[in-house]
Amino acid sequence: EDKVVQSPLSLVVHEGDTVTLNCSYEVTNFRSLLWYKQEKKAPTFLFMLTSSGIEKKSGRLSSILDKKELFSILNITATQTGDSAVYLCAPNYGGSQGNLIFGKGTKLSVKP
Amino acid sequence: EADIYQTPRYLVIGTGKKITLECSQTMGHDKMYWYQQDPGMELHLIHYSYGVNSTEKGDLSSESTVSRIRTEHFPLTLESARPSHTSQYLCASSERVAGGGETQYFGPGTRLLVL
């Protein structure tokens, strides 16, 4: 059965801290892995990872994929209160068309 | 970035009513999706479409139905709403990107409350 496990489920930090969010997956016909940030409404796209070991970076956020060990991490440095959200990991898998399967997410709370 | 629209944003309706949640995208994406998400819970795929006249059920069983008569439009219908249908419904569309895989873009969602 395809599955995605994110850890921790919940995390509380103070502004300026660095956090690492984890995502492990087991899917058939893996194609890529996506990270999303979800605040009160719909998810917004952060990264798509297709190759192992190549870090994607956007400002204070970065992410990397390990296709051998079947996991990905999302790092946020110098956290700000605006980073408070649920971060979702979603492997893209399946046949010729592919679909996403979402983890439960990590709820990050950044305190001032 | 894709432009994807959902209406209504909020809907409160009585049991037994028929409702249609609208979703439109202007980017010409072939693939579209409907997800259901309860508060604090994960997203579940309930329907998807590979293109016009193509619809498939997702991994979460749903009493809703969908249609795809035009590329840009992917409405979801509940013939007879029940309180168990209360949830947030998110529509998405996707584009293929270089290197394989796809990127999905989400609409703002419809929050449905069935009394």
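The values are calculated or read from the model by the stated rules, or taken from the named source; none is laboratory data. Note that the structure is a prediction, hence the values are computed from the model and not measured. Glycine gets a Cβ as well: all are built from the backbone with ideal geometry, and neighbour counts include every protein chain shown. Each accessible area value is taken on the protein alone, full model and side chains, heavy atoms only, with ligands, DNA and RNA left out. Shrake-Rupley method; radii C 1.70, N 1.55, O 1.52, S 1.80 Å.
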* To do: Considering only region B:1-50, give the strands (runs of 3 or more DSSP E) lying wholly within it that have at least 1 residues that are open to solvent by less than 10 Å² (accessible area, probe 1.4 Å) and over 13 Å from A:LYS41 (Cα atoms).
  => B:19-25, B:31-37
* Asked: Here are A:PHE102, A:PHE45: which of them is within 11 Å of the chain's Cα centre (by Cα), facing another protein chain (nearest Cβ under 10 Å), open to solvent by 70 Å² or more (accessible area, probe 1.4 Å) and within 14 Å of B:LEU43 (Cβ to Cβ)?
  -> A:PHE45
* Pairs only if they're at least six apart or on different chains, beta carbon under 7 angstrom, first in region A:2-14 and at negative phi and assigned to a strand (DSSP E or B), second open to solvent by 70 Å² or more (accessible area, probe 1.4 Å) and at pLDDT below 95; list them, first residue then second. => A:LYS3/A:GLU26; A:GLN6/A:LYS104
* Tally time: how many residues in region A:23-36 are modelled with pLDDT of 85 or more and either open to solvent by less than 30 Å² (accessible area, probe 1.4 Å) or among the β-branched types (Val, Ile, Thr) (or both)? -> 8
* Please work out which residue is nearest to the other protein chains (Cβ to nearest Cβ), limiting yourself to region B:58-115 and to residues that are open to solvent by 50 Å² or more (accessible area, probe 1.4 Å), assigned to a strand (DSSP E or B) and over 27 Å from A:PHE30 (Cα atoms). => B:ARG111
* Asked: Is it the case that some residue within region B:40-61 is farther than 20 Å from A:ILE101 by Cα and among the aliphatic types (A, V, I, L, M)?
  -> yes
* Structure fact -> Subset of region A:1-22, residues open to solvent by less than 40 Å² (accessible area, probe 1.4 Å) and over 14 Å from A:LYS107 (Cα atoms), comes to A:VAL4
* Asked: If you scan region A:84-104, which residues turn out to be outside any strand (DSSP E or B) and at pLDDT 95 or above?
  -> A:SER84
